[in-house]
Amino acid sequence: MTKPCIAVALAAASLIFLATIAFADDISEGRALYIQYCAACHGEKGDGHGPVAKSLKEAPGDLRRLGDRYGTPLPASQIARFIDGRDYVAAHGSREMPVWGERFEDIWTAKDSSQGNMHQRVMKIIAYLQTIQTGKHPGEAPPAPVGSSR
């Protein structure tokens, strides 16, 4: 192998390594954001059994099974629409008073708010959700669409 080929191979390996580290950071940060914004209802494991789930009018969805309904990898743009409020999810309440305490819908109007880049936060939550997908459960019906109670 020539010196230029070795240099290109090393550069490519370095880029792959750095991308892997960055993706792992996104997942770790996504989990922390998930715990902050979602776990009270959807549970620490994403199973829909958060500490306030029993007090809700509609049962929170099992987010580990989003892939059953929407495919894997999860379609980030579609899942983001549920999180940030562009697609209505009855259980999430009105956009004026979201359950998360911060307005994810603001990502489309104030990307660099004092709260940090909300779009990046949503994408990190989705990166984490990708990692908890459990696949189809034999003998079970597919999960109800996000926002419906079944």
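General remarks:
Here's the yes/no breakdown for (1) in a helix (DSSP H, G or I); (2) of a type in the set (V, I, T); (3) modelled with pLDDT under 90:
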{"residue": "L18", "(1), (2), (3)": "yes, no, yes"}
{"residue": "E29", "(1), (2), (3)": "yes, no, no"}
{"residue": "H49", "(1), (2), (3)": "no, no, no"}
{"residue": "L66", "(1), (2), (3)": "yes, no, no"}
{"residue": "S77", "(1), (2), (3)": "yes, no, no"}
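- Flag if R81 is at pLDDT below 90, surrounded by 11 or more Cβ atoms within 10 Å (Cβ to Cβ), within 16 Å of the chain's Cα centre (by Cα) and assigned to a loop (DSSP other than H, G, I, E, B): no
- Every residue from segment 54-64 that is outside any helix (DSSP H, G or I) and more than 19 Å from G135 (Cα to Cα): L56, K57, E58, A59
- Failed item in (1) modelled with pLDDT of 95 or more; (2) closer than 15 Å to Q130 by Cα, with G43 passing the rest: (2)
- Any hit, segment 99-121, residues being modelled with pLDDT of 85 or more and surrounded by 17 or more Cβ atoms within 10 Å (Cβ to Cβ): yes
The values are calculated or read from the model by the stated rules, or taken from the named source; none is laboratory data. Here the structure is a predicted model, which is why all the values come from computation and not from measurement. Neighbour counts are summed over all protein chains in view; Cβ atoms, including those assigned to glycine, are modelled from backbone coordinates with ideal geometry.
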